[in-house]
């Protein structure tokens, strides 16, 4: 049994991004307070828009879960790795600059996990 396959990682990612979308859409203060960021009208506007993007990513991964090795699947993987790498770097920067509390480091760890998982799956042609 394969512990980590594209199928399993896609399903996990679609669930993760759906949960993040719901939190950012309906209870953004949960995540923002963990990061030490105040929920304002402007921040709320941005979190709702990000929630829409996360919902789209969740749908893409759910629908692509059975995709065979291909250029399209590789594009999904590389795009996700790129986004997670930028998010992780930004998270560390915002923490170091004092713009976010150490709660953002959990998000950074999740992003690094996703980077490593997608790198692993992306190097396999199954």
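Hey, can you tell me all the residues within the stretch 1-50 that are loosely packed, with under 14 Cβ neighbours inside 10 Å, at pLDDT 95 or above and within 23 Å of residue 120 (Cα to Cα)? Result: 15, single match. Just to be sure, is residue 109 at pLDDT 95 or above and within 23 Å of residue 123 (Cβ to Cβ)? Yes, satisfied. In this structure, residue 115 does not qualify as modelled with pLDDT of 95 or more, over 21 Å from residue 4 (Cβ atoms) and either surrounded by 12 or more Cβ atoms within 10 Å (Cβ to Cβ) or under 11 Å from the mean Cα position of the chain (by Cα) (or both).
Residues of the stretch 61-93 that are free of Cβ contacts under 8 Å to residues at least 24 places away in the same chain and either under 16 Å from residue 15 (Cβ atoms) or surrounded by 13 or more Cβ atoms within 10 Å (Cβ to Cβ) (or both): 63, 76, 79, 83, 90, 91, 92.
The values are calculated or read from the model by the stated rules, or taken from the named source; none is laboratory data. As the structure is a prediction and not an experimental result, all values here were calculated from the model. Cβ sites come from the backbone with ideal geometry, for glycine too, and all protein chains shown count toward neighbours.
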